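Everything on this sheet refers to the single structure shown next.
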Amino acid sequence: MNKYILLILVIFFLTSCNTSRLSEFKKDFKNVLSDDFDKKQFSEMLDKYPELRVHSDVISLSEALLGNQHEKYPLKEFINDDLYKDNIDQLINNGNPFQKTIAYMVIASGGDSTKVPILLEKIKTETDEYPLMWSGMALLYMKCNHTTALFDFFCRNQNLPLENMFPLYFQFNKDSLQKTAYNRIHSEDDFAKILSAQMLSVTPLNKKTEELLLNAAKNWNIKIKGYAIYSIKELRIGNLLETFKPLIDSSKTSKIALEALANSPTDIDVQYVYSLVEQADTVSEDLLDCLCNSNNINSIRYCLKVLYTKPIPKDYQLGAYGDYVIRSMTILPDIHIAIEKVENIDIKSDLIRTLEDKTDEKSIELLKKYLDHGNSTLRYWTAKTIVENPSEAFNSDEIHKKVKIILESEN
């Protein structure tokens, strides 16, 4: 009973807090309506109400306590208020850029989809940077799915911080993104070509997408065709060898072309990469990277073997320990073998780190073994991995003491 009473009290408290905050926001919003609303007041408003910056990952106290994610539209109640309804259009059409920016932020934070037609016009006509950016951001945040209008907005405004906008854009309806990419990939503008290729990398693969990207890899200017090759790699398009052989010879496309071949589902593509490895006296970093960072299980298995059977650069960093594929149970036996046979301490340490969630007998055996290794770097990463490992096999005073000593000695 006490639990339920506590929960009711918490909910009541949080509801009261939200109501109080909305009342305070209304009061401050009235100040925004003033003709002398300036940059200083604008900055103060953003500092006081971080929820206006809807693209940032802000989690409110109330939702954190309730165990929920932050509310997508924290000002959804405000857009039904007369204060909003009576003034939002005036703010949008005002000449003051700071007022307009706040207006667009409120529209986004409230999820007012009725303003989408106005926003679609404003992304064409705004001239000041902040209002321009936030008219677009509001459309992005509300997932309006006007993908072509936003595509053209990006192309017109390449000076904006588009890197903050693309992640939202790429979450739009995949069919809509794909249709826009098909319509714009033949543009004369390089930026439009590049963006179209990038969009196709997050949409379903079909014959038309495959043909368009392969054509781009063949015929685009060498300076930009790497973007098409990247999408080919991400979509795991196969039968690449004939098209890609010339691309491997160019310094501008060699690395990404190798990655696409190593990631290909077609055996002849992957075997060609293997042949380059076999021919090399010392296997290059690009060859190692394309194999070890692949999503192709066979390529990763081959790479793990190369790490201890062929000469590789002494300072090579594997850097793939966090990748989903290399951490999968499917190649765990290959990881075990590589850990024991690889001589490079940094690579061995990276491989050890892939065992942080593994509780099988062999993984536990290796972690215990390398906790006593003569190299301090390897001991350190083994200790760090054991700390994260959930196995009860490491829940002993002896191991706890060893791990503590090792970690403290490195700090």
Just to be sure I understand, how many residues within region 335-351 are of a type in the set (A, V, I, L, M, F, W, C) and surrounded by fewer than 22 Cβ atoms within 10 Å (Cβ to Cβ)? 3
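Quick one: which of K245, K255 is out of contact with any Lys or Arg (no Cβ under 8 Å at 6 or more places or on another chain), closer than 18 Å to N293 by Cβ and not assigned by TED's automatic domain parsing to the domain that holds V325?
Answer to the selection: K255.
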Residues of region 128-145 that turn out to be crowded, with 20+ Cβ neighbours inside 10 Å and outside any helix (DSSP H, G or I), as a count: 1
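Having 1 or more residues that are farther than 22 Å from P313 by Cα is the bar; report the helices (runs of 4 or more DSSP H) wholly within region 325-411 that clear it.
Answer list for region 325-411: 332-341, 361-370, 376-388, 397-409.
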Restricting attention to region 240-292, which residues are within 19 Å of K218 (Cβ to Cβ), over 28 Å from the mean Cα position of the chain (by Cα) and of a type outside the set (D, E, K, R)? L241, T243, P246, S250, I268, Y272
Determine, yes or no, whether S294 is out of contact with any Leu (no Cβ under 6 Å at 6 or more places or on another chain) and surrounded by fewer than 22 Cβ atoms within 10 Å (Cβ to Cβ). no
On the given criteria, is A138 among the small types (G, A, S), in contact with a helix residue (DSSP H, G or I) (Cβ under 6 Å, 6 or more places away or on another chain) and outside the structural domain of F29 (by TED's automatic domain parsing)? no
Residue selected from region 232-255 under the condition hydrophobic (A, V, I, L, M, F, W, C) and either crowded, with 21+ Cβ neighbours inside 10 Å or in contact with a strand residue (DSSP E or B) (Cβ under 9 Å, 6 or more places away or on another chain) (or both), by the criterion nearest to L212 (Cα to Cα): I232
Is there a residue being closer than 29 Å to L288 by Cβ and modelled with pLDDT of 95 or more anywhere in region 180-195? yes
Pairs where the first residue, in region 385-411, is among the small types (G, A, S) and the second is part of a helix (DSSP H, G or I) and buried (at least 16 other Cβ atoms within 10 Å of the Cβ), C-beta under 7 Å, 6+ apart: S391/I364; A393/I364
Among the numbered conditions (1) assigned to a helix (DSSP H, G or I); (2) touching a residue at least 12 places away in the same chain (Cβ under 8 Å), tell me where N221 comes up short. (1)
From the option list L235, L139, L205, single residue qualifying as under 22 Å from the mean Cα position of the chain (by Cα), under 30 Å from V106 (Cα atoms) and not acidic (D, E) is L139
Over region 77-127, the set of residues in contact with an Asp or Glu (Cβ under 7 Å, 6 or more places away or on another chain) and more than 11 Å from V32 (Cα to Cα) is I79, P97, S109
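Restrict the check to region 341-348 and report whether at least one residue is in contact (Cβ under 8 Å) with a residue 40 or more places away in the chain and assigned by TED's automatic domain parsing to the domain that holds C290.
Yes, some residue in region 341-348 is in contact (Cβ under 8 Å) with a residue 40 or more places away in the chain and assigned by TED's automatic domain parsing to the domain that holds C290.
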If we scan region 183-191, do we find a residue that is over 24 Å from E44 (Cα atoms) and either crowded, with 18+ Cβ neighbours inside 10 Å or in contact with a strand residue (DSSP E or B) (Cβ under 6 Å, 6 or more places away or on another chain) (or both)? yes
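Using the structure shown, decide if I229 is crowded, with 17+ Cβ neighbours inside 10 Å and either aromatic (F, W, Y) or part of a helix (DSSP H, G or I) (or both).
yes
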Just one of F153, F191, F166 is over 19 Å from the mean Cα position of the chain (by Cα) and not assigned by TED's automatic domain parsing to the domain that holds I123; which is it? F191
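Please pick out the residue among T359, T382, T330 that is surrounded by fewer than 19 Cβ atoms within 10 Å (Cβ to Cβ) and not assigned by TED's automatic domain parsing to the domain that holds P311. Give the steps one after another, and end with the answer.
Numbers: T382 fails: surrounded by fewer than 19 Cβ atoms within 10 Å (Cβ to Cβ); T330 fails: not assigned by TED's automatic domain parsing to the domain that holds P311.
That would be T359, the only listed residue that is surrounded by fewer than 19 Cβ atoms within 10 Å (Cβ to Cβ) and not assigned by TED's automatic domain parsing to the domain that holds P311.
The values are calculated or read from the model by the stated rules, or taken from the named source; none is laboratory data. This structure is a prediction, so every number in the text was calculated from the model and none was measured. No Cβ is skipped: glycine too gets one built from the backbone with ideal geometry, and neighbour counts run over all protein chains shown.
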